[in-house]
1. Note the angle between two axes, namely the Cα long axis of helix 128-137 and the longest principal axis of the Cα atoms of the chain, as a number of degrees from 0 to 90, rounded to the nearest 10.
2. To test your reading of the geometry: what angle, between 0 and 90 degrees and rounded to tens, separates the Cα axis of helix 88-102 from the longest principal axis of the chain?
3. Expressed as a rounded percentage, what relative contact order does the range 88-142 have, with Cα pairs under 8 Å and six or more residues apart?
4. Using Cα atoms only, what is the angle between the long axis of helix 202-214 and the major principal axis of the chain, expressed in degrees (0 to 90) to the nearest 10?
5. If you wrap the chain's Cα atoms in a convex hull and average its projection over all directions, what's the area in nm²?
6. Can you give me the long-range amide H partners of W109? Hydrogens built in the peptide plane at 1.01 Å from N, cutoff under 5 Å, separation of 5 or more residues or another chain.
7. Any idea how many Lys pairs in the chain come in under 25 angstrom at the alpha carbon, given 8 or more places apart or on separate chains?
8. Mind pulling up the Rg/Rh value for the range 88-142? Radius of gyration and Kirkwood radius, both on Cα.
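Here, each number is a calculation from the coordinates, and none is a lab measurement. Here the structure is a predicted model, which means the values were calculated and not measured. As a convention, Cβ positions derive from the backbone with ideal geometry for all residues, glycine included, and neighbour counts pool all protein chains shown.
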Amino acid sequence: MRQRLNPEDKAERRRARTVANFERKHGAGSWERLLRLYEDGESFQELANNFGVSHQAIREMLIRTGIHTAESTLRRRLIRQQARQLDEATLRRRMEEILRRAAYEDRYWSRRGQLSLEIVRKELGLSAGRWYAFIRKYPPPTGRVEVVLRYGMGQDPKTYLGEQYQNGRSIVEIAAGLQGVGVSPTTLHRYMRHLGIPLRSISEARLIRRQRRSLLPPSKM
């Protein structure tokens, strides 16, 4: 005669089966990661986005394993309330600190020269929902030229580039002078056009080059 399991044993078996199925689908350690994100206060939709499943499936799994309870709901609500109390001024200050580092650290940039917003979000410690709400209100610069000038060198991009260009420096020379950052002249040219800085014609550029060559001392034979 088969021995009947008590409710506690049934619940434990159900939990073990759920965890095993989840880790088989999402990889070893994924269940612990799910619990960690859950305890950090992420919503069911944010958890679902992380693991590529529906938010209903996440909720049912956590209820079935005894994780999602009335007590945990209150605890997570408190965590989210505390997170929202981090005022926008503090977030903006921390964002500026990250952008100052990003000006000269390649790990913040994609191969196409775009700022990795996901790295910035993780360093700020924001949930995906709160992060997108924040950048809708305070969109960060994503191009490296602007980040280098505004946060690395402390210069207003349009004023600095306009003065450098009006003083006779070429786009190649300005790009080379951005404190060792690998910005191509093509990228800089595109950014200056975006800022509305009047660019020289080919004849004007040739004239400036001739004038500069005429000021050079004659070479010794």
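1. 30 degrees
2. The answer is roughly 60 degrees.
3. Relative CO of the range 88-142 lands at 29 percent.
4. 60 degrees
5. The orientation-averaged projected area of the Cα hull of the chain comes to 19.8 nm².
6. Close amide H contacts, sequence-distant or interchain: S116.
7. 4
8. 0.94
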